Structures are given as C-alpha cells and as structure tokens.
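These notes concern the structure reproduced below.
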Amino acid sequence: MKFNTLFKISAVTAALFLAGCGGDINVTPTVNNNGGSDAGGDTDGGDSGSSNPCASYADIQGEYDGQDCSYDTDFASATIEIAEDITFEELPDGGVHVFDGALQIGEDCDTTTDCEINQNGPVMTVEPGAVLAFTSGEAIIQIARGAQLNAIGTFDKPVKFTSANEFDRLNVSGDAPRYADWGGIIVNGNGITNECTDAERDGGTCNRESEGIVSFYGGNDNTDDSGSMKYAQIWYAGSGPRDGGDGDDLNSLTLNAVGSGSSYEFIHIHQGFDDGIEFFGGAADLRNIVVTDTQDDSLDMDAGWQGRAQFVFIKHGTVTVDGQTNYMGNGGFEADGEKNNGPDYSQAPTSAPTIANVTIITTDGTSVRDNDPSIATKFDDNFQGQMYNVLKIKENGTADDGCVFFTSDGEAGVDNGELDFYSSVMACTNNFVNTGDNTFGDGETYSQWYDNGGENEVLDGSAMVLNDDGISTDMSSSITIAANDLTALNDDFFTPVDFIGALSDDDTSSEWYQWVETAVAASEQD
C-alpha cells in the first residue's frame with residue numbers, strides 16, 4: 001500500500017483512475033435535508049455563453065474557470081430540487097464538475113400529503129468521461145421517484161463520482177481522499193418493497209423514508225425505470241451513522257425500490273464508508289460489478305429485492321492512514337429477506353434474487369468501521385435466493401469469523417427450502433461463523449445444506465483457487481467440481497460460463513477481466 005499518493009493507470013488496462021489516501025480518520029459528516037423546494041439559485045455565477053461547458057438548468061449555470069466547473073449551493077443544495085433535464089459532459093484538459101451541496105433531481109413527494117409523483121420527471125445524464133467530485137458529506141446525488149439518473153460511460157471513458165480531495169487543485173483540507181468524503185448516490189424508485197403494506201401500495205400511499213436522509217420511495221411497479229449506470233466508478237462515498245443511529249447510514253449506491261427497467265453494469269465501487277450497493281426491494285439487475293475496500297457490506301440485499309446479478313468481484317482489503325493499516329469490510333453479502341411479513345404484506349415477497357459467478361475475498365482483520373470481522377456471506381430475515389458458481393475465500397481467520405453466517409431468522413430461508421448454492425466452492429479457514437456445524441429446523445446440518453447433494457465443494461483456506469493474477473479462478477488445481485453453465489435457467493440475462501467465481505483467465509483481453517484487474521490495482525495503491 002502507498003500512503004498519500006496519486007496513482008495513475010494507463011490506457012493499457014483501458015480505464016483511468018486517480019486515487020490517494022491518508023490523513024486522520026475523523027468521519028462525522030451530516031446531511032441536513034430539510035426537504036426540497038422549487039429550483040433556484042444565482043443567475044450570475046458564471047459565463048452562460050457558448051464558451052462555458054458547465055451544466056445548466058433554467059437560467060442557472062455552473063462557473064467555469066478554464067478547467068473545472070464549480071456548482072455552489074445556489075445551484076444545488078438540500079433545499080433545491082432540480083425539475084428539468086440536466087447533462088454533465090466530459091470537460092477538456094481533465095476538468096472536473098465540483099459540487100459543494102446536494103444534487104437533487106426531481107421533486108421528492110410523500111403521497112400522503114398534497115403532492116403527486118411526477119412519473120415523467122427530469123433526467124440527469126452523465127456523459128462518457130465526465131467526472132463529478134464532491135467537497136463534503138453534505139454533497140450527495142439524490143434521484144426522486146419518476147426522475148432518472150443515466151450515467152453511461154464507455155470502457156475507455158468511464159464516468160466517475162468521487163471526492164474533490166482526489167485532485168490536488170481542489171483539495172482545500174490537505175487530506176488525501178478517503179471514505180465518507182461525500183455522501184454517495186441515492187436512487188428512489190416505484191418498485192415493490194415489503195416495508196409497505198398491501199393497502200399502502202393499493203392506495204398509492206407507499207412512502208418509505210430512505211436511510212441517511214429523508215426522501216421517499218416505494219410503489220407497486222417492479223418494472224419501473226429510474227435510469228441506468230454503466231462503466232461508472234463511485235469512490236470515497238457514504239457516511240454514518242446519522243440521526244437514526246446505527247444503521248441509518250449513507251451507502252456508495254442506494255437503490256430504493258428501483259425496478260427492472262434499470263440496470264447497473266461495469267460499476268467499480270471503492271472505499272465507501274457503509275455498504276457498496278444496498279437494495280431496498282425492487283428488481284434492478286447487476287452485471288460486472290467490482291467492490292473493493294468498502295467498510296461495511298459490499299452488497300446488501302434487503303426488503304424484497306427480486307433482481308438478478310452475474311459477474312460480481314468483491315475484495316476486502318486495507319488502507320493506510322497515518323502509518324497505520326486499517327482493515328476494510330464486514331460482509332461480502334449481507335442478505336436480508338424481509339422487513340415485514342404476514343397477511344398485510346402478501347403482495348411483497350421476501351428477497352429472492354438469482355445470483356451467479358461471484359468471487360468474495362475476505363481478510364483476517366476486523367473493520368475499522370465497527371470492529372466486526374470480515375466474512376463472506378450473512379443470511380438474515382428469511383432471505384431466499386439461488387446462488388450459482390460462487391467462490392468464497394478466507395485464507396486465515398478466527399472462531400469469530402468465517403465464510404457463512406446465519407442468524408436464527410436467516411435459517412428460515414433454508415427451512416423454507418428456498419436458499420441454495422449450486423456449483424459453488426468455499427475455500428475458508430472457517431466455514432460457518434461461530435457456530436460450527438449447526439442444525440436447521442428440519443434436522444439438516446449446515447454442512448449437509450451447503451453440500452446440496454454433492455453440488456458444491458468445501459476446501460480449506462490454503463487451497464489454490466486463484467491464479468497468479470489473484471483475481472481469476474484456478475479451475476485445475478484444487479477445485480474438482482464443474483461450473484453450472486446456467487443454460488437451464490432459461491434466462492437470457494445470464495451468460496453461459498464454464499468457470500466458478502467472477503472471472504476466468506481464458507480471455508485476459510476481455511473488458512470484464514481488465515475492468516477487475518484495473519480496479520484491484522487501483523485499490524492496492526490506496
């Protein structure tokens with residue numbers, strides 16, 4: 001690890017990254033969101049002529065200094081809701097779009113009050129190569145129900161959301177960038193969450209409050225489209241706990257009841273304070289996702305998420321701050337099924353995604369966030385799902401950590417016969433956290449459940465399961481089972497494969513291989 005440096009990766013690996021770390025750990029940012037208002041701001045803060053490439057709406061435009069575009073709290077803040085389409089383009093000469101406050105797109109609405117959701121709300125577009133940087137924990141991106149965030153880069157020109165401290169000319173604190181430098185991205189959708197009752201959904205009064213700040217999500221349309229992201233990096237985001245105490249946090253990317261009309265592909269989330277991606281219901285899909293060095297859970301699935309995911313690479317690691325090594329990462333997955341259940345919630349099922357081709361690499365340390373151990377998967381609240389070709393790795397550990405952890409409520413997903421792994425491998429010092437080989441309610445042991453009639457394989461932490469590159473699966477040394485090719489799923493979303501884990505070394509020139517390779521190389525410099 002390198003301390004307090006900027007690191008560049010050339011186009012040989014087909015993506016550009018800038019990273020740094022260092023300084024004291026002192027993360028207590030807050031977001032004081034007192035509700036939105038009509039868009040407004042300073043109309044004379046910058047050149048509105050053709051020479052100004054900064055984003056604009058109404059008669060307001062960012063201020064251009066010849067390299068960067070700056071947007072003060074007259075342009076975007078916790079009390080301004082932008083109700084028009086807005087576009088952020090790539091700036092010449094490495095320019096950056098810099099925000100002091102919250103960027104709220106669309107009008108937030110609690111439908112129990114005198115408002116209606118604008119289902120044809122504004123669209124925020126982020127063009128290939130554009131970089132958006134944020135100066136404080138007050139600075140977030142929030143997308144209201146009916147609005148959209150379309151952040152679509154290219155492999156050679158990804159879009160980036162990051163800390164202003166990543167750039168020397170914008171770094172007023174003197175600290176190198178690190179987790180919780182800014183608040184992250186929140187997308188609120190109209191999808192189904194089991195946080196609302198059937199009556200609320202039927203009556204159009206499903207209004208759940210997002211974690212971290214007050215904004216509303218939820219509805220009855222799991223095909224809802226809140227926009228999509230592809231070839232995007234989200235670095236140094238998140239914060240917490242907030243007014244609601246532990247658990248009331250901001251994640252790098254929060255998908256609140258976002259429907260299947262949205263998709264998230266080729267995303268790299270790095271060094272977030274809380275979760276990498278957290279779902280609260282909905283049915284959005286994931287593909288080609290990398291999460292490195294996030295302090296809490298890399299993927300947190302909750303409140304009835306019904307989506308699909310394929311090709312997910314998760315790596316817990318360390319960052320160096322003031323000469324000290326700090327461990328990052330709690331769960332690779334935190335898999336929660338339901339906030340509520342019973343007859344009043346019959347329309348909203350428990351979380352039951354289909355997930356394939358995942359690699360989770362844990363550490364033997366405890367997270368600097370909460371001193372909890374690095375584990376691969378946690379199952380809670382009757383989580384149900386089908387997991388294919390999953391590789392979990394823990395080379396070292398103690399009795400307090402391991403690869404699989406069940407709460408008593410989490411065991412319900414197995415007792416109900418709806419949570420299973422197929423063609424998956426555990427290469428772990430400890431397989432089951434704290435519990436040894438416990439027994440489910442039906443008398444089946446944890447080991448018998450995971451074995452699934454010989455479908456899966458258990459190795460120890462010293463097994464050779466990765467190739468020398470440290471990211472692709474070695475299918476020839478220790479692993480003796482074959483991958484599930486996924487064709488029996490009869491689902492065009494899933495790409496047929498012949499390997500377990502997130503990626504193979506058969507095609508090191510593929511975009512996915514290089515995306516992971518570049519992301520991990522950048523994280524190891526931080």
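The values are calculated or read from the model by the stated rules, or taken from the named source; none is laboratory data. As the structure is a computational prediction, the values presented were derived from the model and not from experiment. A quick note on method: Cβ atoms are made from the backbone with ideal geometry, for glycine too, and the neighbour counts reach across all protein chains shown. What goes into the accessible areas is simple: the full protein's heavy atoms, side chains included, and nothing from ligands, DNA or RNA. Shrake-Rupley method; radii C 1.70, N 1.55, O 1.52, S 1.80 Å.
A few points about this structure:
- Annotation: aspartates and glutamates with alpha-carbon distance below 12 angstrom to Lys160 (same-chain offsets under eight excluded): Glu89, Glu90, Glu127.
- Given charges at beta-carbon only (K, R positive; D, E negative), |dipole| of the chain in Debye: 960 debye
- Of the listed residues Glu334, Glu209, the order by accessible area with a 1.4 Å probe, largest first, is Glu209, Glu334.
- With respect to the chain, whose longest principal axis is taken over its alpha-carbon atoms, helix 511-523 is tilted by about 80°.
- Cα gyration tensor, the range 226-345 - rounded (a/c under 1.5), prolate or oblate: oblate
- Counting only protein chain heavy atoms and rolling a 1.4 Å probe, the accessible areas of Asp175, Asp168 rank, largest first, as Asp168, Asp175.
- Two-site FRET efficiency, Ser56 against Asp322, from Cβ-Cβ distance with R₀ of 41 Å, rounded to 0.05: 0.50
- The chain - share of DSSP beta bridges that are antiparallel (%, nearest 5): 15 percent
- Top positive-direction residue, dipole computed over the chain with Cβ charges, set Gly137, Tyr236, Gly203: Tyr236
- Listed by chain and number, the aspartates and glutamates placed with their C-alpha closer than 12 angstrom to that of Lys392 are Glu457, Asp460; residues fewer than eight positions away on the same chain are left out.
- Sorting Arg208, Arg169 by accessible area puts them as Arg169, Arg208; the probe is 1.4 Å, largest comes first, and only protein heavy atoms count.
- Residue-normalised accessible area of the range 355-442, expressed per residue, 1.4 Å probe, Å²: 32 Å²
- Under the criterion of Cα pairs below 8 Å and six or more residues apart, the relative contact order for the chain equals 11 percent.
- Share of carbon and sulfur in the accessible area of the range 416-526 stands at 40%, probe radius 1.4 Å.
- Solvent-accessible area, 1.4 Å probe, carbon plus sulfur percent, for the range 338-396: 36 percent
- Accessible area expressed per residue, the range 144-254, with surrounding protein chains retained (probe 1.4 Å, Å²): 29 Å²
- Remark on the chain: ratio of C-alpha radius of gyration to 2.2 N^0.38 Å is 0.93.
- Only helices enter this figure: runs of n ≥ 4 DSSP H residues, each worth -39500 (n - 2.57), summed and divided by the residues of the chain, yield -1500 deg cm²/dmol at 222 nm to the nearest 500.
- Of Phe273, Gln67, Thr193, farthest towards positive along the dipole that unit charges on Lys, Arg, Asp, Glu beta carbons give the chain: Gln67
- Fraction of accessible area attributable to carbon and sulfur, the range 261-318 (%, probe 1.4 Å): 39 percent
- Environment charge of Asn288, counting only residues whose C-beta is closer than 10 Å and scoring Lys/Arg +1, Asp/Glu -1: 0
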